[in-house]
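Take a look at the structure set out below.
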Amino acid sequence: MHRPRAATVRFGNRIQGMNQGDLSRAAEILRSAGRVVAFTGAGVSAESGVPTFRGAGGLWEGHAVQQVATPEAFHADPLMVWRFYDQRRINLTKVRPNPAHTVLARWQDRFPSYQLVTQNVDGLHHAAGAREVVELHGSIWCVRCVGCGHEREDRSAPLPDLPPRCSACGGLERPGVVWFGEYLPARAMALATAAAEACDVLVVVGTSAVVYPAAGLVEVAASAGGKVIEVNPEASQVAHLAEVELRGPAGVVLPLLDELVGDR
Ligand code: BV8
Ligand code: ZN
């Protein structure tokens, strides 16, 4: 029998390396939850074909973080930085949300109170039908003028002109993402922190949880008494805070979990 190369081996609704008990416990915790937060990273988009940051072939390979994702790098060479982001936009036009995105969008109608918070700038949660997504690190589809601050959504890939210029003041435009050394959007951080403080359950999906202040949200939820469920083939930096660890790919684990949670 041909065994799929991917690490994930399924037998019916069982995943190799993940025990059924954990899945049932996670479902039980979610069934009795009123306020749920889902917190995601690059891993949730991995099965859509979007490279993660630190995985093999990860986004940063070949590009030191400091080279492309900092205001200093943009100041020094805006065209090089724009080529990096334009290529990511072009690649994203070739991918679709996967079942993990679909479940996390569906949960907005499954729980009395639900907040989807992401570090991803790829827009795939929205593409999967999520109505409200707190994008802590901005969106790659947003462009902002460094001169007058005018912001606009631009989905052209490739962009017609690199670097793009502001139609209002002619100033240089930059990707609408948060770079290292930059503060996160205050409203997004306030929304995410309030949701983490008030949640019964925080489901952390596909993040290594090394980038702050985003990763701090899991600590906020845990220290406020929220139960943490981690969905990730590998242990993240916050795995020690998890009540239940589901070690498998989100695109396989979340549909199984959703099935078990069932119609509440
Ligand atoms: C700031 C947008 C104030 C751009 C990004 C405290 C301690 C240490 C350092 C700091 C600290 N506070 C601040 C810092 C500095 C810095 C930081 O955290 N550095 C890290 C590297 C140590 N933080 C900042 O600079 C932040 N700003 O603090 O401002 C300030 C101001 C002035 C001076 C000082 C401070 C801003 C950070 C935001 C940067 N922008 N993205 C872009 O995308 O281009 S961060 C970017 O990297 C992502 O958004 C994400 O946050 C991070 C990558 O992490 P992940 O998404 O988790 O991806 P990764 O590849 O690491 O992991 C993937 C995971 O998925 C793995 O665990 C893997 O096992 C799993 N996986 C794989 N396949 C699957 C899967 N899981 C499920 N299913 C699968 N199929
Ligand atoms: Zn402008």
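The values are calculated or read from the model by the stated rules, or taken from the named source; none is laboratory data. What you see is a predicted model, and the numbers here were worked out from it, not measured in a lab. For neighbour counting, all protein chains shown are included, and Cβ atoms are generated from backbone atoms with ideal geometry for every residue, glycine included. What goes into the accessible areas is simple: the full protein's heavy atoms, side chains included, and nothing from ligands, DNA or RNA. Shrake-Rupley method; radii C 1.70, N 1.55, O 1.52, S 1.80 Å.
As a test question: what accessible area, to the nearest 10 Å², does TYR212 have when a 1.4 Å probe is rolled over all protein chains in place? Accessible area, nearest 10 Å²: 130 Å².
May I ask for the net charge around ALA130, where only other residues with Cβ less than 15 Å from the Cβ of ALA130 are counted and Lys, Arg are +1 while Asp, Glu are -1? Computed value for this residue: -1. Per-residue ellipticity at 222 nm computed for the chain from its helices equals -9000 deg cm²/dmol, with DSSP H segments shorter than 4 residues left out and the rest contributing -39,500 (n - 2.57). Most simply put, the chain has about 30% antiparallel DSSP beta bridges, counting only bridges with both residues inside it.
Cα extents for the chain along the principal axes, largest to smallest and rounded to whole angstrom: 58, 47, 29. Express in Å², to the nearest 10, the accessible area of SER24 obtained by rolling a 1.4 Å probe over the protein heavy atoms while all chains stay in place. Near enough 50 Å² of accessible area.
Cα gyration tensor of the stretch 81-211, axes a ≥ b ≥ c as square roots of the eigenvalues: rounded (a/c below 1.5), prolate (a/b > b/c) or oblate? Note, shape of the stretch 81-211 comes out prolate. Accessible surface calculations at 1.4 Å, restricted to protein heavy atoms, place the chain at 47 Å² per residue.
Computed from the alpha carbon atoms alone, the convex hull of the stretch 93-136 holds 61 Å³ per residue. Under the rule a/c < 1.5 gives rounded, and otherwise a/b versus b/c splits prolate from oblate, where does the stretch 202-264 land using the Cα gyration tensor? Since a/c reaches 1.5 but b/c is at least a/b, the shape of the stretch 202-264 is classed as oblate. Taking packing as the residue-averaged number of other Cβ atoms within 10 angstrom, the listed peptides 174-184, 231-241 run from highest to lowest as 231-241, 174-184.
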